[in-house]
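What follows is a set of notes on a single structure, which appears directly below.
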C-alpha cells in the first residue's frame, strides 16, 4: 500500500485516539474525528484498532458521526484488522448505504473464508440502492463461487462499471474470456472513473491482451502504469507474457505523448490558447491530454510563454497542471525551461512525484547533455517510475552508461530495462521478485 499521502496531519497516536473517542457534540473547533480516524492508519497497534472499533460501534445517528463510522471502517480495512471483522460484518445491515459499502470493501481488504459472512455480502446483490460493483468485486476477490449466478445477472447492467465488474467476475470464475472485449471497450468511455475502473477489472481478470489498450487509455499515467506493472507481475512468472512484450507499451506510457493515446473528447472548433491552458487544470486527464495535443498542434510558437505564466501563477502548486506543463515544455523542446524542469526533477513533495518522471522525459526531449548528471543522480532514488524515466532520458541523450548503473537495481522492472538494453544471458533474465505493487508516483 502506498502511504505517502496518509501522514499529512500533525497528530500523535494518543492525540488521534483522544479526538476519536470524544463525543461528536464535544469536539473542539479545530479538531476533527474524521481526520483522527484517517490518521490512525499510520498506527497499526491494538490501541488504534480498538479506538477505531469503538468509533464503528458508536451509534450516534448524526451525519457527522455516520461519516466518522464510514472512515473508521475504511481505516480498519486498510490496516487489515482481522479482530474487527465481526464488528464490520454487523455493519452490512446498516441503514446507511455508504456504511454498508465501506464494510463490504473492508471485508475484501481484511479477507475471510467464512461462508456466513460471504453469503451476507452476496445477499446485498438483491438490495436496492447499494453500489453493486464493490459487492461483486469483493465476492470475486474472496473467491465466493456460490455468488456466480447472481453476479452473472449484472453483465448487462446499464451502469458500465457494474457490468464491467460482473463480466470480469464471470471471467475469473469460469475462465471464459469471450466477453472481455466489452471491458476493453470501457477504456474509451467518456467518464473518467469508468475508464479507471476498467483498468482495475483488466488487472483482476489477468487479461494480458489488453496491455496495448491500457497504454493508450486517456487517464493519468499512474493508472496505466499500475495496470501494466500488475499484469506483468502476474503474467511473467507464469510465462504467459514476457518483459519484451510489455516494454514498448510501458515506455509509451512513460513518454505519455498525447498522440499515443486514444482520446475520448473532441472540440467542435479549436479553442483559444487561454482556454486550453485552463483545461490543463481539469481532473479528467482525458480533457487535459486533448488540450495538450491541441496546444502542440496549433499553438507551438505561442504556448511556451503562456505555460510559463500559468506555472508562475498557479501550476507550480497544482500537481495535475504542474505535470502537464512540465511534459508540454519538453514536447515543445523549449530550452529556456531547463531550470524549471531541473527543479521539477528534484521536487520531493509527495503530490509532485509523477512530475519528476515527466521532468526526466522532458529533459531528454530538450537534448541538453548538461542534464546527464542530474538524471544519473535520479537512478539512486526510491521511485521506480522516476528511475525508469531517467534511463529513457539518458538513452535519448545518447548516454547509455546509465544501464550499467541500473543493472543491479533492486526494482525488477528498472533492472529489466537496464539488462535488456545491454543484452543479457539467460541467467541474468530479470523476473518479478517482489510483491510490492505500488507505483510510487
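Each reported figure results from applying straightforward, stated rules to the coordinates on display, with no laboratory input. Quantities reported herein were computed from a predicted structural model and do not represent experimental measurements. As a convention, Cβ positions derive from the backbone with ideal geometry for all residues, glycine included, and neighbour counts pool all protein chains shown.
Summary of values
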quantity	calculated
Order of 266, 140, 238 - criterion: other Cβ atoms within 10 Å of each residue's Cβ, fewest first	266, 238, 140
Pair residue 97, residue 153: separation of 7 Å Cα→Cβ label points (nm)	1.7 nm
Cα shape, the stretch 210-441, gyration tensor, a/c 1.5 rule	prolate
Residue exposure sequence - 183, 192 - by fewest surrounding Cβ within 10 Å	192, 183
Gyration tensor (alpha-carbon) shape descriptor, the stretch 1-111, a/c threshold 1.5	oblate
With Cα atoms, 0 to 90° folded angle of helix 132-141 axis to the chain main axis	90 degrees
Label-point separation, residue 380 to residue 145 (7 Å along Cα→Cβ), nm	5.4 nm
Extension gain from residue 400 to residue 283, taking 0.36 nm per residue of separation minus the Cα-Cα distance	38.5 nm
Listed peptides 218-228, 27-37, 346-356 by packing density, highest first (mean Cβ within 10 Å)	218-228, 346-356, 27-37
Stretch gain in nm, segment residue 175-residue 267, where the contour uses 0.36 nm per residue and the Cα spacing is subtracted	29.0 nm
Relative pair counts by distance (%), Cα atoms of the chain, 20 Å bins	23, 51, 26, 0
Computed [θ] at 222 nm, deg cm²/dmol, the chain (DSSP H ≥ 4; -39,500 (n - 2.57); rounded to nearest 500)	-17500 deg cm²/dmol
Pairwise FRET efficiency - residue 126 versus residue 257, Cβ, R0 = 41 Å, nearest 0.05	0.30
The stretch 113-156 versus the stretch 285-356: alpha-carbon centroid distance in Å	44 Å
Folded to 0 to 90 degrees: helix 285-298 orientation relative to the chain principal axis, Cα	20 degrees
Proxy reagent accessibility, fewest Cβ within 10 Å first, across 109, 46	46, 109
Cα gyration tensor, the stretch 271-346 - rounded (a/c under 1.5), prolate or oblate	oblate
